[in-house]
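All remarks here apply to the structure that follows.
The values are calculated or read from the model by the stated rules, or taken from the named source; none is laboratory data. No experiment lies behind these values; they were computed from the predicted model shown. All Cβ positions, even for glycine, are placed from backbone atoms using ideal geometry, and neighbour counts span all protein chains on display.
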Amino acid sequence: MANSVFSETPPARPELDLRNTVTPRIFVAATRQDDGKTTTSVGLFAALQQRFPRIGYIKPVGQRFVDVEGAKIDEDTVLINDTYRTNTPIRSMSPIAVEPDFTKRYLSGSFRQQLHDRVRIAFDEVAWEKDFIIIEGTGHAGVGSVFDLSNATVAQLLRSKVIIVSRGGIGRPIDEISLNLALFEKQGVEVIGAIINKVVPEKMEMLKEYATVGLARLGLPLLGMIPLHTELYKPTVNQACVQLRGEFIAGAQHKRRRIARTGIGAMSSRHADRLLTPGTLVITPGDREDLILMILNEEMPSSRGNLAGVVLTDGILPHGAVMDLIRSRNIPFISTSADVSAAATTIARMTVKTEVGDKDKIGLIQSLIHEHVQVDRIIQLVQSPGHAQMHFGEVGGKIA
């Protein structure tokens, strides 16, 4: 199944109905982008695996994608598939990729039925012989409305109850959850509760009390409160390299080192000792050979921790002898055409996503969800009758 809908003629037949309406499922939504949908989905998948033998996953609408076997597949789908080996065709897990011109092309034609059919068909394939399905949304409840596939619409199409993820605070998360709740309810979709993410650990108890009261006024339970953990938001050297559109000239085997801070190599080498601290990514012009040699000669022993790496800017590389020394050390070196200021700004503004294969970070996410989210309560609410079932009417049989 290709995930480009514009190369095909819309089918001249009534909309396909969703066949699998029995397998338990939960739609993970959020109040805005980067609030923690993927983090929740990754951790929830592992938690559900402890209770059900076969878990499925689908991200019906994706905006950030990579090429997999000739198809545009959402990055979060690739992460889940690589982490958990879902035994599901990956194209079905990511049926629609929103390319840059997707909206304009949609508004120029009439593809609503075709898009809705594709989502239903993909879900039925993902749900084949599964015991529980995680459906991950995209942005807030209204994202995708312009092409008739808002999160609320997708949850309604797939007859799923919803969890809303928001980030820490008192007033803002309640206000934003209320806005999203209204759109889901307008579509006849039941929201079973909320998870508050990225909560400052010292404020957990206080915020839990007020969030519980605030959500109760909306008729929602608090299903989890996940503390802010700094390790989750430290980019890796590899992520910095991708953002800088650079390339590794040495040390690529250590690309998963995390960046705790950046340091600009603008001072003379004799005053640059302050840069050599564990977790620092040093950014310096490629012709600052004095500073580069100092870094190479002062390489930190493992007992002190490792320098995250070095970014050489302006597309300049040191001469051959220095390059030979660089390649002989265990420090990641990146070359980029960006200047020092642009490189530092790019890294400071990065959105840190969980990378495929980042076992330490994935393990931390799994632990946080296990410790701070009421997984059994979520299962109970998903499986209990509610107004969503009454709205949808009698359900059919499960695909075998």
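Looking only at segment 144-172, which residues are aliphatic (A, V, I, L, M) and closer than 27 Å to Val22 by Cα?
Within segment 144-172, Leu149, Ala152, Val154, Ala155, Leu157, Leu158, Val162, Ile163, Ile164, Val165 qualify.
Name the strands (runs of 3 or more DSSP E) wholly within segment 161-244 that hold at least 2 residues that are out of contact with any Gly (no Cβ under 7 Å at 6 or more places or on another chain) and of a type in the set (Val, Ile, Thr)?
Answer list for segment 161-244: 161-167, 191-199.
Within segment 330-376, can you find the residues that are within 20 Å of the chain's Cα centre (by Cα) and of a type in the set (Ser, Thr, Tyr)?
Thr346, Thr351, Thr354, Ser367
So, in segment 312-331, how many residues would count as being in a strand (DSSP E or B) and either touching a residue at least 60 places away in the same chain (Cβ under 8 Å) or loosely packed, with under 13 Cβ neighbours inside 10 Å (or both)?
Number satisfying all stated conditions: 1.
Is it fair to say Ala211 is buried (at least 18 other Cβ atoms within 10 Å of the Cβ), under 25 Å from Lys361 (Cα atoms) and at pLDDT below 95?
Criteria not met by Ala211.
Would you mention how many residues in segment 95-138 are of a type in the set (Phe, Trp, Tyr), in contact with a helix residue (DSSP H, G or I) (Cβ under 6 Å, 6 or more places away or on another chain) and surrounded by 21 or more Cβ atoms within 10 Å (Cβ to Cβ)?
Looking only at that region, the number is 1.
Listed here are the residues, each with its yes/no results for (1) assigned by TED's automatic domain parsing to the domain that holds Asn197; (2) surrounded by 15 or more Cβ atoms within 10 Å (Cβ to Cβ); (3) assigned to a loop (DSSP other than H, G, I, E, B).
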| position | (1), (2), (3) |
| --- | --- |
| Ile334 | no, yes, no |
| Lys361 | yes, yes, no |
| Ser367 | yes, no, no |
| Glu371 | yes, no, no |
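Need the failing condition index for Arg377 against (1) in a helix (DSSP H, G or I); (2) in contact with an Asp or Glu (Cβ under 9 Å, 6 or more places away or on another chain); (3) within 29 Å of Lys161 (Cβ to Cβ), just the number.
(2)
Would you call Pro278 modelled with pLDDT of 85 or more, over 19 Å from Ile326 (Cβ atoms) and not polar (S, T, N, Q)?
yes
For segment 248-257, check the following and say yes or no: at least one residue is free of Cβ contacts under 8 Å to residues at least 60 places away in the same chain, touching a strand residue (DSSP E or B) at 6+ places or on another chain (Cβ under 7 Å) and surrounded by 14 or more Cβ atoms within 10 Å (Cβ to Cβ).
No, segment 248-257 has no match at all.
Report every pair of residues separated by at least 6 positions or lying on different chains whose Cβ atoms are under 8 Å apart, first residue within segment 378-393 and surrounded by 12 or more Cβ atoms within 10 Å (Cβ to Cβ), second at pLDDT below 50.
Gln389/Val395
Return a yes/no flag: does segment 172-184 have any residue that is more than 25 Å from Glu99 (Cβ to Cβ), surrounded by fewer than 23 Cβ atoms within 10 Å (Cβ to Cβ) and modelled with pLDDT under 90.
yes
Given the conditions (1) touching a residue at least 60 places away in the same chain (Cβ under 8 Å); (2) crowded, with 19+ Cβ neighbours inside 10 Å; (3) among the aliphatic types (A, V, I, L, M), report the number of the one that Leu228 does not fulfil.
The number of the failed condition is (2).
Look at segment 171-228 and say how many of its residues are under 21 Å from Leu368 (Cα atoms) and in contact with a strand residue (DSSP E or B) (Cβ under 8 Å, 6 or more places away or on another chain).
Residues meeting the conditions: 24.
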